[in-house]
Amino acid sequence: MLTHTAEDYLERIYLLSLRLGSVKSSDIAKEFGIRTPSVISALKLLKKKGFVHYQKHGTVTLSEKGMARALDVYDRHKTTYRFLRFVLGVPDGIASADACGMEHSVSPESAAAMKDFFRFLTLKKDEGLDLQAEFQAFRNKNKESRKESPKSDKEKQEPCLLSEMKDGVSCFIVKLDGEREVRRRLLDMGVIPGEKVEIRNRGPLGFPIEILIQGYVLTLRKDEAESVMVREA
């Protein structure tokens, strides 16, 4: 069983190989925005499991098993992104970030159903029935309706950083900011917009902080905690 991070490595190695031809550990470190020693540790583990071929100071290549897994993850990413972006009309940045998290958990059955739905929409459009356009019109109408609905006092509150919330106060995650790699780590840990979260404890200088989310406790570093925007529940 591979972790989400391990799958990210395989996918990134595949994409870098398409762009650069040959891939080194330093290329991966630059792509993720992390130190090379951290990448080397991950590569050693992937090599031990038979997913990559790697020698110290040499190039990194995917094994047959690693290539199959990388292509599978990348296909799931493209499928979920296309569904969110072009079927549901989710804004590009949000669709991309959500797809990065969903690519690890979407089942083959769900991915196949999304692809079938793409084909279904295309066939219907060829028949003169643009269901996608009708759905977007319906969605836009609902957006306008929500804008006109009076908001509660809590909904009127401006989002704030998770680190600024008081301990023990429940809040909802509104969005993730910060660097791409930080957002990816948060999504991998289950820190997802819409989830309810509560600060349980803090370090002596305010960081790291312990949060309760989805029934389990996570520890967030300063850069992670300051990338989570929340609103009191």
For the condition under 19 Å from the mean Cα position of the chain (by Cα), closer than 30 Å to ASP116 by Cβ and not in a helix (DSSP H, G or I), what is the one hit in LEU71, LEU2?
LEU2
Residues that are loosely packed, with under 13 Cβ neighbours inside 10 Å and of a type outside the set (Asp, Glu), drawn from the stretch 158-179
LYS166, GLY168, VAL169
Suppose we keep only residues that are hydroxyl-bearing (Ser, Thr, Tyr) and assigned to a strand (DSSP E or B) within the stretch 178-233. Which one would you say is farthest from CYS160 (Cα to Cα)?
TYR216
Can you work out which of the residues in the stretch 143-168 that are closer than 30 Å to ILE209 by Cα, outside any loop (DSSP other than H, G, I, E, B) and among the acidic types (Asp, Glu) is modelled with the lowest pLDDT?
GLU155
Going by the structure shown, is VAL106 farther than 23 Å from LEU187 by Cβ, free of Cβ contacts under 8 Å to residues at least 60 places away in the same chain, of a type in the set (A, V, I, L, M, F, W, C) and not in a helix (DSSP H, G or I)?
no
In the stretch 22-39, anything buried (at least 18 other Cβ atoms within 10 Å of the Cβ) and over 17 Å from ARG184 (Cα atoms) is listed as VAL23, SER25, ASP27
Picking from PHE51, PHE86, which residue would you name as being among the aromatic types (Phe, Trp, Tyr) and surrounded by fewer than 14 Cβ atoms within 10 Å (Cβ to Cβ)?
PHE86
Yes or no: the stretch 191-199 includes at least one residue that is more than 30 Å from GLU11 (Cα to Cα), surrounded by 13 or more Cβ atoms within 10 Å (Cβ to Cβ), modelled with pLDDT of 90 or more and in contact with an Asp or Glu (Cβ under 7 Å, 6 or more places away or on another chain).
yes
Options ASP92, ASP98; residue that is farther than 18 Å from MET1 by Cβ, of a type in the set (Asp, Glu) and in contact (Cβ under 8 Å) with a residue 12 or more places away in the chain
ASP98
Sort through LYS78, LYS124, LYS56, LYS47 and tell me the only one that's free of Cβ contacts under 8 Å to residues at least 24 places away in the same chain and closer than 17 Å to MET1 by Cα.
LYS47
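The values are calculated or read from the model by the stated rules, or taken from the named source; none is laboratory data. Here the structure is a predicted model, which means the values were calculated and not measured. All Cβ positions, even for glycine, are placed from backbone atoms using ideal geometry, and neighbour counts span all protein chains on display.
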